[in-house]
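Let me begin by presenting the structure, written as structure tokens, before commenting on it.
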Amino acid sequence: MLQTVQVAVSGATFHFDKLYTYLVPPTLAHPVVPGGMVLVPFGRGNKPRMGVVLAVGQQEEAGRCKELFDAAPENARLTDELLGLVRFLKERTFCTWYEAVKAIIPYGAQYKPAETENGPRLQKQLVRHTEPEYSLVGALPEKPKPTAKQQAAVAALQSGPLPQSTLAQLGLSRAVLDNLCEKGVLQKRQVDKVLDLFSHIPQTNDPIVLSEEQQQVYDGLCAQMEQNKPSAALLYGVTASGKTLVFLKLIQRTLERGKTALVLVPEISLTPQMIRRLKQTFGGRVAVQHSALNHTERLLQWQMIQAGGADIVVGTRSAVFAPLKNIGLIVLDEEQEHTYRSESAPRFDAREVAKRRAVDHGALVLFASATPSVESYQAALEGRYTLYKLTRRYAGQPLPAVEMVDMRAELAAGNSGSISAALAGRIRQTLARGEQAILLLNRRGYKTVGMCSGCGQVIKCSSCSVPMVYHKSENKLLCHYCGKAISPVPTVCPECGGKVRYTGFGTQRVEEELAELFPDARVLRMDQDSTSQKNAHENMLAAFARGEYDIMLGTQMVAKGLDFEKVTLVGVLGIDSLLFSQGFRAVENVFSLVTQVIGRSGRAGAAGRALIQTMDPENSTLNLAAAQNYEAFFDQEIMFRKICLYPPFCSVCIAAFSGADENRTMQAAARFARLLGTEASAHPGMPLRILGPAPMNIVMVKDRYRYKLTIKCRNDRAFRQVLGRVLAAYSDEGLPSKASVTLDFNSDGD
């Protein structure tokens, strides 16, 4: 009998993404197992392509089957659970098999084809992640007389093997060590590097002290977790109620039970503070996974997790795939955040993956937020999640006092700046007391729009249907969608020759305005432009915590999860534009953002205050956020969702079409809608509404036109099978050449 394998091959389109059968040659150096990485000949030219083995079998004859080129070592395989997640992503998100594999395995642990004298072979993407390890195997010879360095090397290795990096810290060079190997005193072998990324954070071992309310929540969660069966809970707690302390105590109990814990945060800017809390409490058995790490750092951390060297993993969305074993607890902090949803293939929601992993491990998945998503809170009210509440701030601090500032009155009084007189006065008082302020403006750049004063033409990106943004420090206009730049900045309209005026304000402009108003204040700007350097988030936040800055000005990254004792003032600028943005979650996002940023104020001894600048001071969403009244907002929002049929009362699938020609793109979208209607008609009981085709909010990005269908449906297996058949029919008609199509069940609607 011949051994065969079913392989998912890289580079396949969705329509041709099936499993291919290959023969396993007996000459392979490594056994081939499910989840293993292989190199296969593909297509007429037998070009080498990467693949992952989904199944192993046997057959009597070779037939037309080709042989594998190569197979990776068995320890490089996906575990059965991670292989299950590949199938989960493939079935739920309409990605290809290999897109799912690449989402789960970090770049450094993947392989690539390489040509050798023995033909195509696998080569690791990274080879710099190993180092020599030395061990003592013999005695130092008496002659010639050993040097002091040689004696020091032998002494250092008396208690066991050590890697070269550790010995280098003792002043022992590789030349000294290799010379001892030649003498038969030491033995050398290559081992994976070990990287403790945040070893500078000391473990304090301080006891975790809970308030009475926190203890009640902890006791309930602990009892639920110790049932050893999959379950979900929602921890809704007002800002500064001490949710993190409850996490830490639960993680402590998880480790006592011999299980592991996974902690997810929505943004890189939130990881430094969470890492610090975990490292201070649990020390070196905390591993980190997020995109700000370089490939080598991420690989070494991943290998440490895979080898069982970490009990706790903390990170952003991709950390949900960390190869932890025996998971007892999964925490998703700020669970409402859209960044838990991937915007590229596979288009997964980390919350859904977390629930799947909880089922696999019999674990508790804990969603936590001061502003839970409408879907999660509804699930808790219906009993699908267990609801726990923290209604009081930790240590009894009151919620911040909030003022609404009417910017219409400011304009009438002649103030056209971005900072109102009321906010300027509060900042001045805050600085005089030696306290700190946070200002939120969800718009980076200097001024937002260049408009001709003659014909009214706005300067837009030539590849995208969006206005370009003026960045003063670089003296250029920049497209925030494709990165295209214009420099120097135009002052004359290309259409009529009129004068171009730049209006609006971004973080760079407000930073300049603050310098004019408060010349002695130290201002820290945090946005995508200022945090592009490695470790920028951690370094900036640490400097602000040390009191090296008085005012932190930033985009959404300053709004959530941050905890600074000296911050007593928060200002919200330019929030009105978000209130009227597209997408059914727009109002929910504004409520969450404003509630969260207000909660950064007054978290320690001094009372907090917040000011919201708006053209619509009577707006109910802003006023409910100012009052930190989530329940009233939920009652208002759930009624809107029910009347207009949006989640949680249905699922929404956005079918997005992208093509070089606008008419052909729109026609392809319309044809997809007809194919879906025809296929669905064979299932009379299937709930379905198809809206569109309609242009996306940004109709052109990178020279490609974008249209969408909004499909309101029930996201179950039957409907996904219908979609799969429609995609196949769309491909059979050659429509992908007119417009590519992607399906997304996690989009906000644009």
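The values are calculated or read from the model by the stated rules, or taken from the named source; none is laboratory data. Keep in mind it's a predicted model, so treat the numbers as computed, not measured. All Cβ positions, glycine included, derive from the backbone under ideal geometry; neighbour counts span all protein chains shown.
For region 506-533, residues that are out of contact with any helix residue (DSSP H, G or I) (no Cβ under 9 Å at 6 or more places or on another chain), surrounded by fewer than 16 Cβ atoms within 10 Å (Cβ to Cβ) and among the aliphatic types (A, V, I, L, M) total 1. Within region 219-266, the set of residues being over 23 Å from the mean Cα position of the chain (by Cα), among the polar types (S, T, N, Q) and farther than 24 Å from GLY396 by Cβ comprises GLN224, GLN227, ASN228, SER231, GLN252, THR254.
Residue check: ASN75 meets all listed conditions (1) under 30 Å from the mean Cα position of the chain (by Cα); (2) polar (S, T, N, Q); (3) part of a loop (DSSP other than H, G, I, E, B) but one, namely (3). Restricting region 241-265 to residues that are in contact with a Ser or Thr (Cβ under 9 Å, 6 or more places away or on another chain) and assigned to a loop (DSSP other than H, G, I, E, B), which is surrounded by the most Cβ atoms within 10 Å (Cβ to Cβ)? Applying the filter and picking the extreme gives VAL265.
Of the residues LEU593, LEU562, LEU524, the single one that is among the hydrophobic types (A, V, I, L, M, F, W, C) and in a loop (DSSP other than H, G, I, E, B) is LEU562. Taking the stated definitions as given, is PRO693 farther than 30 Å from ASN623 by Cα, crowded, with 19+ Cβ neighbours inside 10 Å, outside the structural domain of TYR377 (by TED's automatic domain parsing) and of a type outside the set (A, V, I, L, M)? The answer is yes for PRO693. Scanning region 368-416 for residues that are among the β-branched types (Val, Ile, Thr) and buried (at least 19 other Cβ atoms within 10 Å of the Cβ) yields THR371, VAL374, VAL402, VAL405. Checking the structure you have, find out if any residue of region 460-467 is modelled with pLDDT of 90 or more and buried (at least 22 other Cβ atoms within 10 Å of the Cβ). Looking through region 460-467, none of the residues is modelled with pLDDT of 90 or more and buried (at least 22 other Cβ atoms within 10 Å of the Cβ).
Applying the criterion of being in a loop (DSSP other than H, G, I, E, B) and of a type in the set (A, V, I, L, M, F, W, C) to the residues of region 334-356, the residue that is farthest from the chain's Cα centre (by Cα) is ALA345.
From the list VAL331, VAL320, VAL359, VAL365, the lone residue that is modelled with pLDDT of 95 or more, in a helix (DSSP H, G or I) and buried (at least 24 other Cβ atoms within 10 Å of the Cβ) is VAL320. Among the residues making up region 594-633, those that are crowded, with 21+ Cβ neighbours inside 10 Å and among the hydrophobic types (A, V, I, L, M, F, W, C) are VAL594, VAL597, ILE598, ALA610, LEU611, ILE612, LEU622, LEU624, ALA625, ALA626, PHE633.
Flag: SER681 does not match the condition of being more than 27 Å from LEU578 (Cβ to Cβ), polar (S, T, N, Q) and crowded, with 16+ Cβ neighbours inside 10 Å.
Each row is one residue, and each column tells you yes or no for (1) over 30 Å from ALA604 (Cα atoms); (2) at pLDDT 90 or above; (3) polar (S, T, N, Q).
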{"residue": "LEU177", "(1), (2), (3)": "yes, yes, no"}
{"residue": "GLY184", "(1), (2), (3)": "yes, yes, no"}
{"residue": "GLN190", "(1), (2), (3)": "yes, no, yes"}
{"residue": "LYS193", "(1), (2), (3)": "yes, no, no"}
{"residue": "SER199", "(1), (2), (3)": "no, no, yes"}
{"residue": "THR204", "(1), (2), (3)": "no, no, yes"}
{"residue": "MET225", "(1), (2), (3)": "yes, yes, no"}
{"residue": "LEU235", "(1), (2), (3)": "no, yes, no"}
{"residue": "VAL263", "(1), (2), (3)": "no, yes, no"}
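Could you grab me the full set of residues in region 496-521 that are part of a loop (DSSP other than H, G, I, E, B), farther than 13 Å from TYR470 by Cα and among the hydrophobic types (A, V, I, L, M, F, W, C)? Passing the criteria: CYS496, PHE518, ALA521.
Taking residues in region 483-496 that are under 22 Å from ASP703 (Cα atoms), and partners anywhere that are among the basic types (Lys, Arg), the pairs with Cβ atoms closer than 6 Å and at least 6 places apart or on different chains are ALA485/LYS476; SER487/LYS476.
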